[in-house]
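The values are calculated or read from the model by the stated rules, or taken from the named source; none is laboratory data. If you're wondering where the values come from, they're calculated on a predicted model, not measured in any experiment. Counting neighbours? That spans all protein chains shown, and the Cβs are built from the backbone with ideal geometry, glycine included. Note: accessible area is taken over every heavy atom of the protein model, side chains too, but ligands, DNA and RNA are not part of it. Shrake-Rupley method; radii C 1.70, N 1.55, O 1.52, S 1.80 Å.
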Amino acid sequence: MDDTLVQEKNTATATDEEVVIRIEHLKKSFGDNEVLKDINLELHKGENIVVLGRSGQGKSVTIQCIAGLLEPDEGKLEVLGKEVRELSSEELKEMRMKLGFLFQSGALYDSMTVRENLAFPLTRVLKMTDEAEIEKRVTDVLASVGLEDAIDKLPSDLSGGMRKRVGLARTLIMRPAIMLYDEPTTGLDPITSREISELIIQLQEKYETSSIIITHDMNCARIVADRIVVMNDGKYIATGTYDELANSPDELINNFFK
Amino acid sequence: MASALTSTFNRYMELVGDQVVFTGRFAKNIFRGGFEWGEFVRQCFIVGYLSVGLVGITGFIIGFVLTLQTQPTLKEFGAESYVPGMVSISIIREIGPVIIALICAGKIASSIGAELGSMKVTEQIDAMEVSAANPVQYLVVTRILACTIMVPLLTIMADALAMAGGWVGVNVQDNVSATLFFRKSFAALEFSDVVPSVVKTFFFGYAIGFVGCYKGYHSSRGTESVGRAANSAVVSASLWIILIDAVAVQITNLIYY
Ligand SMILES: Nc1ncnc2c1ncn2[C@@H]1O[C@H](COP(=O)(O)OP(=O)(O)O)[C@@H](O)[C@H]1O
Ligand SMILES: [Mg+2]
């Protein structure tokens with residue numbers, strides 16, 4: 001079961017020389033509010049890209065476009081070799097099955113227990129019916145985020161860090177090829193933030209995902225980033241490793257590292 | 001002035017367009033397969049069973065009060081034997097369905113609007129969508145169908161309790177047996193009183209579910225929009241109920257008279 005899924009992913013990504021997401025000249029406005037002006041990005045297989053930028057710069061809008069939640073106005077946006085805007089609803093569904101999205105708030109379904117939250121995509125999307133197999137996948141993924149005990153709790157009984165972990169588990173249970181993280185550590189205390197950042201790295205190694213991680217948290221960026229891009233005024237203005245950008249002479253970039 | 005008018009008109013047409021699209025998504029998802037029985041039953045419980053108390057008490061009191069208020073007048077003309085018929089006809093044809101639907105608009109449409117609104121704001125609906133699950137099927141289809149089925153059942157229950165209330169009301173002053181009261185009530189009713197009024201309650205139920213879901217699903221970003229979704233769900237659902245009622249009267253008259 002696991003091996004076939006991984007293989008499927010490999011054939012899907014192999015079509016475009018290891019580039020899993022390709023964005024060129026992406027634009028998006030809401031009425032008069034020009035949010036994305038010219039976004040260019042390539043995410044390679046197995047790579048972790050961190051996106052830095054002040055609030056309201058359109059970081060979330062960018063990844064919402066990638067997931068097909070918002071429609072961009074102009075530009076090229078390819079995920080796993082296919083232009084997102086040209087996907088039929090069936091193809092979009094297939095693409096989303098390979099995509100994991102961790103929302104800033106965790107976005108747990110608050111009328112369901114942790115178990116039901118995790119089983120939701122299994123029964124609805126993978127159409128799994130074997131109770132024992134569902135239970136096994138749920139407990140396995142909860143173990144990998146270190147939350148076996150919370151299985152029967154409601155989201156309202158969980159702390160912020162636990163909610164993030166469950167949200168992470170809910171996306172990982174689908175074995176995505178690409179992960180999009182929207183501020184995974186915002187609102188958490190420093191110790192929990194660090195744990196979550198390390199968890200991201202561990203899970204990335206375990207599940208072989210490629211990721212885009214939006215964050216303000218420089219500790220998180222240092223731990224997880226292979227490459228960092230800085231966003232300002234609707235554009236990505238700089239890209240490089242943590243050390244390269246930390247020593248940048250540009251004050252706008254340098255400010256993030258203080 | 002003219003531009004303000006056109007922009008209002010455009011906004012209105014956009015709204016109508018959105019609602020048509022939403023109706024289409026609802027209709028398409030009913031028959032798609034993978035119907036969410038569990039969630040549907042849960043919604044029927046929430047919409048129906050949890051409203052039984054409120055709707056039942058309201059129904060009983062309407063019948064009781066209506067009798068107390070009309071009985072003295074009819075008595076003056078020596079027509080108190082018409083009280084049961086008058087109560088049953090007015091309750092079943094008009095007062096029961098409309099008042100119960102308005103109460104359900106207040107209780108059910110607002111809670112659906114608030115629930116889906118808060119799911120929208122906290123990105124739960126987006127999360128369902130990116131996980132490739134189908135939020136319309138899970139959230140919207142179940143709720144609209146539950147309302148469409150439960151509101152008529154609630155209305156029938158309320159009508160029955162209203163008649164019981166009427167009988168209790170008559171007995172405050174007079175002494176009328178239950179058998180006599182109910183025989184006279186039913187004798188006054190015709191097919192053309194009962195069927196159209198039951199049929200229209202399905203439309204009331206649909207309107208309540210649809211408006212609640214539409215307002216919640218389309219609420220904008222920010223927590224204050226949850227309250228706005230709940231509030232405007234009640235307002236529009238109530239308006240729809242009155243409009244449907246007016247249209248239903250015309251249609252009934254065309255068919256039967
Ligand atoms: N769905 C939307 N409708 C209208 N405006 C939006 C929407 N989503 C985001 N915006 C606007 O886009 C801008 C960028 O938002 P966002 O991407 O959330 O910023 P951040 O970089 O902090 O994640 C903000 O000005 C916001 O108001
Ligand atoms: Mg954001």
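For the protein assembly as shown, pairs of C-alpha atoms spaced more than 34 angstrom apart make up 49 percent of the total.
Tally the DSSP beta bridges in segment A:125-239 and give the antiparallel ones as a percent, rounded to 5.
Working: 4 of 9 bridges.
Antiparallel: roughly 45 percent of the beta bridges in segment A:125-239.
Using the alpha carbons alone, the radius of gyration of chain B stands to its Kirkwood radius in an Rg to Rh ratio of 1.07. Residues within the reach of a label modelled at residue A:112 (point 7 angstrom out along Cα to beta-carbon, backbone nitrogen below 14 Å), restricted to segment B:105-137, are B:124-137.
FRET efficiency for residue A:139 and residue B:32, Cβ-Cβ distance as r, R0 = 35 Å, nearest 0.05?
Values: r = 31 Å, r/R0 = 0.88.
Efficiency, rounded to the nearest 0.05: 0.70.
Pairing chain B with chain A buries about 1600 Å² of accessible area. This figure sums both sides and uses a 1.4 Å probe. The 3J(HN,Hα) values that the Karplus relation (6.51, -1.76, 1.60; θ = phi - 60°) gives for segment B:103-120 are, in residue order, 5, 5, 4, x, 8, 8, 4, 5, 6, 5, x, 5, 5, 5, x, 6, 5, 5 Hz. Gly and Pro appear as x. Compactness of segment A:3-257, taken as the C-alpha radius of gyration over 2.2 N^0.38 Å, stands at 1.00. Give me the percent of DSSP beta bridges within chain A that run antiparallel, rounded to the nearest 5. If we restrict to bridges inside chain A, about 55 percent are antiparallel. Dipole size of segment A:3-257 about its Cα centre, with +1 on Lys/Arg Cβ and -1 on Asp/Glu Cβ: approximately 320 debye, rounded to the nearest 20.
How much accessible area per residue does segment A:3-257 have, counting only protein heavy atoms and a probe of 1.4 Å, in square angstrom? Intermediate results must be reported in sequence, preceding the final value.
On the way: 11220 Å² over 255 residues.
In whole numbers, segment A:3-257 has 44 Å² accessible per residue.
For residue A:20, the residues whose amide H sits under 5 Å from its own are A:43, A:44, A:45, ignoring neighbours fewer than 5 places away on the same chain, with H placed 1.01 Å from N. For segment A:141-203, the convex hull drawn through the C-alpha positions has a volume of 85 cubic angstrom per residue.
Of the residues B:69, B:214, B:37, the one whose Cα sits farthest toward the positive end of the charge dipole of the protein assembly as shown, with +1 on the Cβ of Lys and Arg and -1 on the Cβ of Asp and Glu, is B:69.
In this rough spin-label picture, where each label sits 7 Å from Cα along the Cβ direction, the residue B:4-residue A:54 distance is 3.7 nm.
Between residue B:190 and residue B:57, what's the calculated FRET efficiency when r is the beta-carbon distance and R0 is 25 Å? Round to 0.05. Walk me through the numbers before you get to the answer.
Numbers: r = 29 Å, r/R0 = 1.15.
About 0.30, to the nearest 0.05.
Annotation: for a label point projected 7 angstrom from Cα along Cα→Cβ of residue A:74, residues of segment A:31-50 with backbone N closer than 13 Å are A:34-39.
Computed over segment A:29-113, the alpha-carbon pair-distance distribution with 5 angstrom bins reads 3, 10, 22, 23, 20, 14, 6, 2, 0, each value a whole percent.
Shown for the protein assembly as shown: the carbon plus sulfur share of the solvent-accessible area, taken with all protein chains present and a 1.4 angstrom probe, equals 59%. Each of the trypsin sites (Lys or Arg not before Pro) that DSSP puts in a loop and that has at most 13 other Cβ atoms within 10 Å breaks chain B; the longest unbroken stretch is B:33-220.
Other residues lying with their Cβ under 14 Å from the Cβ of residue A:112 contribute a combined charge of -1, Lys and Arg counting +1, Asp and Glu -1.
Couplings for segment A:84-90, taken from phi via the Karplus curve 6.51 cos²θ - 1.76 cosθ + 1.60 with θ = phi - 60°, read 4, 6, 9, 6, 6, 5, 5 Hz in order; Gly and Pro are left as x.
Using the Cα gyration tensor of segment A:56-97, with a ≥ b ≥ c the square roots of its eigenvalues, what is the shape: rounded (a/c below 1.5), prolate (a/b larger than b/c) or oblate (neither)?
Details: a/c = 2.18, a/b = 1.69, b/c = 1.29.
It is prolate, given that a/c is not under 1.5 and a/b is the larger ratio.
Here segment A:126-222 is assigned +1 on the Cβ of each Lys and Arg and -1 on the Cβ of each Asp and Glu. Its dipole about the Cα centre then comes out at about 240 debye. Between segment B:178-211 and segment B:37-58, how many Å separate their Cα centres? About 19 Å separates the Cα centre of segment B:178-211 from the one of segment B:37-58. Taking B:117, B:212, B:56 as the candidate residues, the one with maximal mean-square fluctuation in a Gaussian network model of chain B, Cα springs under 10 Å, is B:56.
Given the protein assembly as shown, what percent of its DSSP beta bridges are antiparallel, to the nearest 5?
Details: 20 of 38 bridges.
Beta bridges within the protein assembly as shown, antiparallel portion: roughly 55 percent.
When you restrict to C-alpha pairs under 8 Å that are six or more residues apart and normalise by the size of chain A, the relative contact order lands at 25 percent.
Less than 5 angstrom separates the built amide H of residue A:50 from those of A:213, A:226, A:227, A:228, A:229, all sequence-distant by 5 or more or on a different chain. Across segment B:177-191, coupling constants 3J(HN,Hα) worked out from phi with the 6.51/-1.76/1.60 Karplus curve, θ = phi - 60°, read 6, 4, 4, 4, 4, 6, 4, 5, 4, 6, 4, 6, 7, 10, 3 Hz, and Gly and Pro carry x. Projecting the Cα atoms of A:88, A:236, A:25 onto the dipole axis of segment A:3-257, where Lys and Arg carry +1 and Asp and Glu carry -1 at the beta carbon, places A:88 farthest toward the positive end. Amide H contacts under 5 Å for residue A:101: A:180, restricted to partners 5 or more places along the chain or on a different chain, H placed in the peptide plane at 1.01 Å from N.
Just how large is the dipole of segment B:2-256 about the Cα centre, in debye to the nearest 20, putting +1 at every Lys and Arg Cβ and -1 at every Asp and Glu Cβ? Kindly include the intermediate steps, with their values, before the conclusion.
Values: 16 positive and 17 negative charges, 51 e Å.
The calculation lands at about 240 debye.
Cross-link reach is defined here as a Cα-Cα straight distance under 26 Å, omitting same-chain residues fewer than 8 places apart; for residue A:136 the lysines meeting it are A:9, A:93, A:98, A:127, A:153, A:164, A:206.
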